[in-house]
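A short worksheet on the structure shown next.
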Amino acid sequence: MFKPALTALAICVAAPSFATGLDIVVEGAANGVVHIDLFEDVAPGHVAQITALANEGAYDGVVFHRVIDGFMAQTGDVEYGKMGAEGFSMQMAGRGGSHFDDLKAEFSDKTFDTGVVGMARSQNPNSANAQFFIMFAPAPHLDGQYTVVGKVTQGMDVVNAIKRGTGPNGAVIGAPDVMTSVKVTD
């Protein structure tokens, strides 16, 4: 996978301006629009990368690949989780990133309450890239361990209707729910 050497600072400089949110159209078991207010003051590098990917259309068609009832719904794998794209694989979804570099953690004192959006990462705290998750319920054990990037302010009913996965890792079997459109809002 080609990854140009872009840093969060370069993305911030290249981006026309920070957005205040995202509107995500979800289709599948859940149908509707989810609005997320982004916390650019808390995680400027992560918000810049998410909005850059949204502006490119990279999130359009990306599936919710890991959904754990009572915990969270994860999406955003633009490498392996984009339906209809070359390389799409439900078995690989969750392992990919984007053409941007991984991000340095931007941990904060924000708590992982219901509706909070956090960046997914590997064991390395500085490995978040494109994937994110939305909390179904509070998970204080994540506080200070994952970067908080925003919060759902409309459409939590849509989030709650997302098809659940199975097993301890929440892998979605069969037809997953999809982010058909992700647009940056002012």
Rounded to the nearest 10 Å², the accessible area of residue 103 at probe 1.4 Å: 10
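Contour minus end-to-end for residue 89 and residue 31, with contour as 0.36 nm per residue of separation and end-to-end as the Cα-Cα distance? Don't skip to the answer; put the middle values down first.
Values: separation 58, 0.36 × 58 = 20.88 nm, distance 2.24 nm.
Contour length minus Cα-Cα distance gives 18.6 nm.
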Listed residues 83, 92, 135, most fluctuating in the chain (Gaussian network, C-alpha, under 10 Å): 92
For the stretch 37-186: lysine pairs under 24 Å (alpha-carbon distance), excluding those fewer than 8 apart on one chain: 8
Proximal charge balance of residue 154 [Cβ under 10 Å; K/R count +1, D/E count -1]: -3
Local electrostatic count at residue 93 - Lys and Arg +1, Asp and Glu -1, tallied over other residues with Cβ under 13 Å: 0
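What's the extension gain from residue 141 to residue 123 if we count 0.36 nm per residue and subtract their Cα-Cα distance? If you can, show how the numbers build up before the last one.
Details: separation 18, 0.36 × 18 = 6.48 nm, distance 1.50 nm.
Separation in residues times 0.36 nm, less the Cα-Cα distance, equals 5.0 nm.
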Trypsin sites (Lys or Arg not before Pro) within the stretch 88-120: DSSP coil, no more than 15 neighbouring Cβ in 10 Å: 95, 104
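Quick check for you: with a 1.4 Å probe and neighbouring chains kept, what is the accessible area per residue of the chain, in Å²?
Numbers: 8280 Å² over 186 residues.
Dividing the accessible area of the chain by its residue count gives 45 Å².
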Helix-only mean residue ellipticity at 222 nm for the chain, each DSSP H run of n ≥ 4 adding -39500 (n - 2.57), per residue, nearest 500: -3500 deg cm²/dmol
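Add +1 for every Lys or Arg and -1 for every Asp or Glu among the other residues with Cβ under 9 Å from the Cβ of residue 64, and state the total. If you can, show how the numbers build up before the last one.
Working: positive: 66, 163; negative: 177.
The answer is +1.
Stick to the Cα atoms of the chain, pair each with every other, and give me the Kirkwood hydrodynamic radius in Å at one decimal. Write out the running numbers ahead of the final one.
Numbers: mean 1/r = 0.0624 Å⁻¹.
In the chain this quantity evaluates to 16.0 Å.
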Karplus-derived 3J(HN,Hα), 6.51/-1.76/1.60, for each residue of the stretch 38-52, Hz, glycine and proline x: 8, 9, 5, 7, 8, 9, x, x, 5, 4, 4, 5, 4, 5, 4
Integer Hz, Karplus 6.51/-1.76/1.60 couplings in order for the stretch 152-159, x for Gly and Pro: 5, 10, 8, x, 5, 5, 5, 4
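Percent of accessible area on the chain owned by carbon and sulfur, 1.4 Å probe?
On the way: 4480 of 8280 Å².
After summing per-atom areas, the C and S share lands at 54 percent.
Normalising by the residue count of the chain, find the relative contact order in percent from Cα pairs under 8 Å and 6+ residues apart.
Working: 485 pairs, mean separation 61.6, N = 186.
For the chain, the relative contact order is 33 percent.
The values are calculated or read from the model by the stated rules, or taken from the named source; none is laboratory data. On a predicted model such as this, the values are computed, not experimentally measured, just so you know. Using ideal geometry, Cβ is built from the backbone for each residue, glycine included, and neighbour counts are taken over all protein chains shown. Accessible surface is based on the protein model in full, side chains and every heavy atom, while ligands, DNA and RNA are left aside. Shrake-Rupley method; radii C 1.70, N 1.55, O 1.52, S 1.80 Å.
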